[in-house]
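A short worksheet on the structure shown next.
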Ligand code: FES
């Protein structure tokens, strides 16, 4: 288990400053990212999704616009939480930008990402919130606080109980924004520049 992984209580309550900051942003357009459909976004800010995007959990098959994410440097990553059942991870490696579901494939918790040199973690930013930019580390890059699963930067399972990789989804660039589509699976090697 990763030594920095928050326990279940920390995960639920959100003890980190990043969590508190994101929660204060709310869903009124102050966050650094938003869904492309404003009406849909507003509904999800106060409700749990019931979608079946990606054919697991309740991931909503929604497009998520991540403002300014096309300025991510190589090795940076962020997680955007649409609701308690829907989240997306967008990262940039030396081959380009890619997107993964940010929902654990075990029992559907929102994942966490590494801050800086991975001495701390950015946890669930709350509804309609984006984490600050984290670091895409080698080895275990994404963690699930619920039961301890760890995923590599490519979404592969490194530590269970999860047995399925994080699904890769399509992402496109619109100016400085990236738009990830949680309704469209992509090849794990899919990249855009
Ligand atoms: S929900 Fe992620 S490890 Fe169980």
Original post:
Based on Cα positions only, what radius of gyration and what Dmax would you give for the stretch 118-157, in angstroms?
Top reply: 10.7, 28
Subject >> Residues 190, 142 arranged by fewest to most Cβ contacts within 10 Å >> reply: 190, 142
**OP:** Give me 136, 72, 158 ranked fewest to most by other Cβ atoms within 10 Å of their Cβ, as a rough exposure proxy.
**Re:** 158, 72, 136
Subject >> Full-stretch length increase - residue 159, residue 107 - with 0.36 nm per residue and alpha-carbon distance subtracted >> reply: 17.3 nm
Original post:
In nanometres, what is the gap between the two model label sites at residue 94 and residue 192, each 7 Å from Cα along Cα-to-Cβ?
Top reply: 2.4 nm
Subject >> Centre separation in Å (Cα based) which lies between the stretch 144-193 and the stretch 94-120 >> reply: 7 Å
**OP:** At 7 Å along the Cα-to-beta-carbon direction for both residue 68 and residue 184, put a label point, then send me their distance in nm to one decimal.
**Re:** 2.6 nm
Original post:
Dimensions of the stretch 92-193 along principal axes (Cα, Å, largest first)?
Top reply: 37, 28, 26
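The numbers here are math on the coordinates, done by the rules we state, and not lab data. What you are looking at is a predicted structure, and each value in this text was computed from that prediction instead of being measured. Please note: Cβ atoms are built from the backbone with ideal geometry, for glycine as well, and neighbour counts cover all protein chains shown.
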